[in-house]
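Engineer: Submitted below is the structure of interest, expressed as structure tokens.
The values are calculated or read from the model by the stated rules, or taken from the named source; none is laboratory data. Small disclaimer: the values here were computed from a predicted structure and weren't measured. We place every Cβ from the backbone using ideal geometry, glycine too, and count neighbours over all the protein chains shown. We work out accessible area using only protein heavy atoms, side chains counted, and drop any ligands, DNA or RNA first. Shrake-Rupley method; radii C 1.70, N 1.55, O 1.52, S 1.80 Å.
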Amino acid sequence: MATVEYAKIVRIPTANSCKGFSTDIKLPSSFTFGSSGGFINFYVGFDDYECGISTASGQSGWRWFANSGAVEGTDAGGNFGDYANGQSVNIRLESILDPAGSGNYKVAFFVNNVRKHVFSPSFVATSNFANGRVVLGAAQQTWNANQVPATMPTWYIAHNQVTTSNTRYKNVNGTWVTLNASNSTPVTAHTPSNRTHPSPVDYTVSNASFSSGYYYASLNK
């Protein structure tokens with residue numbers, strides 16, 4: 001049965017095809033969860049690949065994760081506590097020559113330039129990907145689609161400011177291009193969108209410096 005997440009997100013996209021996506025994330029200095037549990041994810045993605053830094057209810061630190069809806073059974077990840085509140089990390093998703101030497105290209109995930117995961121599907125050098133993006137998000141709980149309440153319960157997940165900077169995509173020619181207000185329009189969203197939401201409905205964001213490649217977001221409760 002289909003499920004529905006109670007979630008809030010910020011999406012920083014590129015409309016162009018890409019071969020990679022990268023950003024520097026300064027993690028929040030604090031976060032809180034309520035009794036409903038949930039998780040916080042900050043990640044880079046394209047197509048069905050989503051890789052980044054995450055924490056969850058009951059944890060005090062952060063870990064890396066690498067997921068793909070296109071690769072059955074993919075749920076790689078590190079250990080909670082590998083990264084700390086307030087730490088700055090670079091996360092990068094990129095099509096690279098297969099490290100195993102097959103001559104094919106594969107999608108790989110890096111944290112601070114250290115390769116953490118290589119996905120199994122093979123590509124050629126000219127392969128490009130769509131829907132390149134940075135996503136800042138939190139999900140509190142999940143329902144079966146036929147059990148979603150008409151009014152959402154109180155929102156409990158909170159974190160103070162998370163910052164993205166030096167956000168870039170690798171274009172079809174292999175050149176890294178900075179993402180800013182001239183070529184990207186960040187958006188906030190929440191799910192489910194067809195229900196009544198108590199405050200806060202969305203992330204609190206500031207893109208005053210996005211022309212310089214910086215973007216700030218916080219989540220209140």
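Engineer: List the residues, sorted by chain then number, that are 5 or more residues from ALA76 or on another chain and whose placed amide H is less than 5 Å from its amide H.
Structural biologist: Placed amide hydrogens put ALA66 under 5 Å from ALA76.
Engineer: Under 20 Å Cα to Cα from LYS8, which lysines show up? Leave out anything in the same chain fewer than 8 places away.
Structural biologist: Result set, ordered by chain and number: LYS26, LYS221.
Engineer: Top to bottom by accessible area (1.4 Å), largest first, where do ASP48, ASP202 land?
Structural biologist: ASP48, ASP202
Engineer: Right, another one. Quick check: at a probe of 1.4 Å, how many percent of the accessible area of the stretch 71-193 sits on carbon and sulfur atoms?
Structural biologist: Percent of accessible area from carbon and sulfur atoms in the stretch 71-193: 45.
Engineer: So, one more: Suppose all protein chains stay in the model; what accessible area per residue would a 1.4 Å probe give for the chain, in Å²?
Structural biologist: With all protein chains present, the chain gives 45 Å² per residue.
Engineer: Leaving out same-chain residues fewer than 8 places away, which aspartates and glutamates sit with a Cα under 12 Å from that of LYS106?
Structural biologist: Leaving aside aspartates and glutamates fewer than 8 places away in the same chain, those within reach of LYS106 are GLU94, ASP98.
Engineer: What accessible surface, in Å², does a 1.4 Å probe find on ARG195, ignoring ligands, DNA and RNA and rounding to the nearest 10?
Structural biologist: Rounded to the nearest 10, the figure is 70 Å².
Engineer: Select one label from (1) 51; (2) 54; (3) 60: the one whose number is percent of Cα pairs over 22 Å apart as derived from the coordinates shown.
Structural biologist: The value matching this structure is (1).
Engineer: With label points built 7 Å along Cα→Cβ from the Cα atoms of ASN160 and ASN146, find their separation and express it in nm.
Structural biologist: Going from the ASN160 label point to the ASN146 one covers 4.6 nm.
Engineer: Using a 1.4 Å probe on the protein heavy atoms only, what accessible surface does SER29 show? Give it in Å² to the nearest 10.
Structural biologist: 80
Engineer: Moving on. Ordering VAL148, VAL205 by accessible area with a probe of 1.4 Å, largest first, what comes out?
Structural biologist: VAL205, VAL148
Engineer: Could you work out how much longer the chain between THR204 and VAL187 gets when fully extended? Use 0.36 nm per residue separation minus the Cα distance between them, nm to one decimal.
Structural biologist: Extending this stretch completely gives an extra 5.0 nm.
Engineer: Show me the ranking of peptides 153-161, 71-79 by mean Cβ neighbours inside 10 Å, starting with the highest.
Structural biologist: 153-161, 71-79
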